[in-house]
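Engineer: Would you mind keeping the following structure in view while I ask a few things?
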């Protein structure tokens with residue numbers, strides 16, 4: 001049976017992977033054993049996807065990204081160029097800590113900017129936006145905008161990636177989609 005995905009001839013795909021329809025895997029990327037890659041993902045060039053990583057549908061992985069064991073990306077996640085995940089909190093070359101890999105979940109629709117680092121064990125909320133170069137050292141709430149090293153929250157983002165400006169009633173309207181959001185007790189929800 002012919003593959004229902006495209007892999008550039010220089011890409012390496014180890015045995016035991018499940019790769020969905022419409023996936024594109026570009027130059028010099030390595031998809032390691034037992035990965036699950038959902039339909040319509042795009043894996044840029046020089047990407048490493050370590051064993052047992054799970055990517056949902058329509059995940060965009062830009063060039064030079066490392067996704068290590070323990071990471072799960074839900075649908076519609078964007079991973080910017082050269083961003084990286086870690087999977088051990090205190091790595092040492094001479095100490096084997098494979099049994100200590102921490103889990104990191106990137107929830108639906110989240111964006112992680114170029115050169116950002118996600119320290120293991122910190123989840124990224126739905127539609128959160130991690131700015132370029134940020135170093136994430138704690139979990140990020142849904143719709144939050146975080147920047148800097150260490151990262152700090154500076155605002156809220158819509159599902160279209162537009163900064164939200166909340167009024168005195170805690171209501172904001174996305175300038176692009178016109179969808180309304182509510183901010184209550186530090187939690188943003190979409191209200192239509």
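We did not get these values from a lab; they are worked out from the coordinates using the rules stated. Treat the numbers as computed from the prediction; the structure is a model and nothing was measured. Because the Cβ atoms are built from the backbone with ideal geometry, glycine has one as well, and the counts that use them run over all protein chains shown.
Engineer: Mean 1/r over all different Cα pairs, inverted: what Kirkwood radius does the chain give, in Å?
Structural biologist: This gives a value of 17.2 Å.
Engineer: Still on this model: Quick one: order 73, 41, 17 by neighbouring beta-carbon count within 10 Å, fewest to most.
Structural biologist: Working: 73 28, 41 24, 17 16.
In order of increasing Cβ crowding within 10 Å: 17, 41, 73.
Engineer: Also, I was wondering about something else. Rank the residues 19, 13 as a footprinting-exposure proxy: fewest other Cβ atoms within 10 Å of their Cβ go first.
Structural biologist: 13, 19
Engineer: Measure of size requested: the Rg and Dmax of segment 132-179, with Cα atoms as the atom set and Å as the unit; please supply both.
Structural biologist: 12.0, 33
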